[in-house]
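Working notes, structure below.
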Amino acid sequence: AGVAIGIVSADVRANILEFLSYYPFLEQFLEQFPEQFLEQFSGNLAAIAGADDGPAKPDPWGLWQVCRVLGVEPAATLVVGDAVSDLRLARSGGAAGAIGLARADNHEALAALGFDVVIPSLAQLEFR
């Protein structure tokens with residue numbers, strides 16, 4: 001089965017795709033993860049939900065759409081985000097949890113919002 005990644009963005013799909021085309025997203029994104037993640041990653045980044053595809057986050061539609069495309073239940077997902085809309089998306093969409101991805105200046109603010117855990121880097125994720 002492995003681990004899959006989907007994108008739910010408040011931006012429109014065209015901008016998401018343009019960003020991904022100019023930025024070697026997957027390669028550089030994956031460099032941030034620990035090796036044990038890479039061993040489980042399925043290589044699937046086929047699921048993208050933009051604001052013009054349906055209701056924008058924090059509405060859970062985007063999470064549900066990405067889960068449908070990836071063939072997983074929302075309760076088997078973790079939402080990683082840096083804003084309150086990501087937390088609300090996770091909660092209203094039935095995700096298993098919400099991980100706050102903090103910048104240097106907002107770790108405490110994300111923790112106060114109610115993220116299940118707040119990390120400064122994706123490299124801190126552990127997969128078992």
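Every number in this text was worked out from the coordinates using simple rules, so none of it is lab data. Keep in mind that this is a model prediction, so the values were computed, not measured. All Cβ positions, even for glycine, are placed from backbone atoms using ideal geometry, and neighbour counts span all protein chains on display.
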Quiz prompt | Contour minus Cα-Cα distance for A96 and L78 (0.36 nm per residue) | solution = 5.9 nm
Quiz prompt | the range 71-128, Cα convex hull volume normalised per residue, Å³ | solution = 80 Å³
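Based on the mean of other Cβ atoms within 10 Å per residue, sort peptides 73-83, 54-64 so the most packed one is first.
Packing proxy ranking, top to bottom: 54-64, 73-83.
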Quiz prompt | Using a Förster distance of 22 Å, the FRET efficiency for N15-Q124 (Cβ separation, nearest 0.05) | solution = 0.20
Quiz item: Check V117: other-chain or 5+ apart residues with amide H under 5 Å from its amide H, H built from backbone geometry?
Solution: A98, G100
Quiz item: Short version: ³J(HN,Hα) in whole Hz for each residue of the range 63-80, in order, from phi by Karplus 6.51 cos²θ - 1.76 cosθ + 1.60 (θ = phi - 60°), x for Gly and Pro, what are they?
Solution: 4, 5, 5, 4, 4, 4, 5, 7, x, 10, 7, x, 5, 9, 10, 10, 9, 10
Quiz prompt | Amide proton proximity set for I48, modelled H, under 5 Å, gap of 5+ | solution = I7
